[in-house]
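The values are calculated or read from the model by the stated rules, or taken from the named source; none is laboratory data. Quick caveat, the model's predicted, so the values are computed rather than measured. Note that each Cβ is placed from the backbone with ideal geometry, even for glycine, and that neighbours are counted across all protein chains shown. Surface accessibility is based on the protein's heavy atoms, side chains included, excluding ligands, DNA and RNA. Shrake-Rupley method; radii C 1.70, N 1.55, O 1.52, S 1.80 Å.
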Amino acid sequence: AQRVTQPEKLLSVFKGAPVELKCNYSYSGSPELFWYVQYSRQRLQLLLRHISRESIKGFTADLNKGETSFHLKKPFAQEEDSAMYYCALSFDSIQGAQKLVFGQGTRLTINP
Amino acid sequence: KAGVTQTPRYLIKTRGQQVTLSCSPISGHRSVSWYQQTPGQGLQFLFEYFSETQRNKGNFPGRFSGRQFSNSRSEMNVSTLELGDSALYLCASQGGGAGGELFFGEGSRLTVL
């Protein structure tokens with residue numbers, strides 16, 4: 001079954017330190033992976049997708065098919081990065097439509 | 001462009017009652033998905049509608065149902081409410097194209113007493 005695992009429910013790092021949020025997926029086909037973020041009192045929103053291979057707010061994520069991972073990284077964390085982060089996998093369902101499943105989320109706290 | 005709008009934002013019900021939540025997608029978006037968000041389970045997919053047809057369904061009991069209207073607005077209904085149904089219910093709309101970005105509403109927070 002398709003599954004996304006985020007092993008850390010909570011992650012706390014100091015400002016200026018590197019941060020890595022882990023995401024592993026289970027899917028036999030060709031995955032499309034995303035990171036969504038929810039800042040305090042804001043809506044859940046897309047942060048980045050692996051297909052675009054871009055850096056958003058200093059964050060990058062590389063798809064590693066061998067390790068079935070899509071870890072989110074930032075070299076120097078900032079206080080405004082504190083938020084809830086969700087990794088998500090999009091795949092073709094039996095019904096032929098795209099379906100998106102989320103991991104359980106990681107709450108990232110950046111300490112001053 | 002107005003974002004995804006969900007109503008009501010907060011509601012309190014008692015066990016055994018039923019509830020209907022509403023979602024208005026971004027104009028032009030034909031796909032609407034519903035998710036249940038809880039601290040313990042995270043985001044769990046309920047169902048997805050496209051052009052008034054349910055295309056995908058998550059692993060929730062039949063007490064959870066939904067529908068989509070011709071104007072793409074969607075409703076979800078939960079009957080015979082249980083304490084465990086207390087959660088934030090999120091609606092998301094999606095524009096055309098596979099793997100497109102989901103745009104989320106602020107959610108409807110349901111408390112079941």
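What a 1.4 Å probe finds exposed on segment B:17-113 is 46% carbon and sulfur by accessible area, rounded to a whole percent. For the residue pairs A:Lys22/A:Lys73; B:Lys13/B:Lys57; A:Lys99/B:Lys57, alpha carbon separations beyond 20 Å are given by B:Lys13/B:Lys57.
Largest GNM mean-square fluctuation across A:Leu89, A:Leu44, A:Leu33, computed for chain A with C-alpha springs under 10 Å, falls on A:Leu44.
A run of chain A free of exposed loop cleavage sites, with chymotrypsin sites (Phe, Trp or Tyr not before Pro) counted only in DSSP states other than H, G, I, E and B and at most 13 other beta carbons within 10 Å, reaches its longest extent at A:1-38.
What FRET efficiency, computed as 1/(1 + (r/R0)^6) with R0 = 35 Å and r the Cβ-Cβ distance, is obtained for B:Glu52 and A:Phe76, rounded to the nearest 0.05? Approximately 0.15, to the nearest 0.05. Expressed as a whole percent, the accessible surface of chain A that belongs to carbon and sulfur atoms is 49, based on a 1.4 Å probe. Near A:Gln6: Cβ cut-off under 15 Å, other residues only, Lys/Arg at +1 and Asp/Glu at -1. The net charge is +2. Tell me which GluC sites (Glu not before Pro) from segment A:41-112 have a DSSP coil assignment and no more than 14 other beta carbons within 10 Å of their own. Passing sites in segment A:41-112 are A:Glu54, A:Glu67. Annotation: extensible slack from B:Asn71 through B:Ser22 equals 16.4 nm (criterion: 0.36 nm per residue apart, minus Cα-Cα distance). Once you sort the root eigenvalues of the Cα gyration tensor of chain B as a ≥ b ≥ c, which label holds: rounded (a/c under 1.5), prolate (a/b larger than b/c) or oblate (the other case)? Taking the square roots of the gyration eigenvalues as a ≥ b ≥ c, chain B is prolate. If you plug the beta carbon distance of B:Phe60 and A:Lys15 into 1/(1 + (r/R0)^6) with R0 = 35 Å, you get a FRET efficiency near 0.30.
For chain B, a Gaussian network of Cα nodes joined below 10 Å ranks B:Leu90, B:Leu46, B:Leu81 by mean-square fluctuation, and the top entry is B:Leu81. Summed over both chains, the area buried between A and B is near 1800 Å², taken from the accessible surface of protein heavy atoms with a 1.4 Å probe.
Per residue, segment A:24-112 exposes 49 Å² of solvent-accessible protein surface, assessed with a 1.4 angstrom probe and all protein chains in place.
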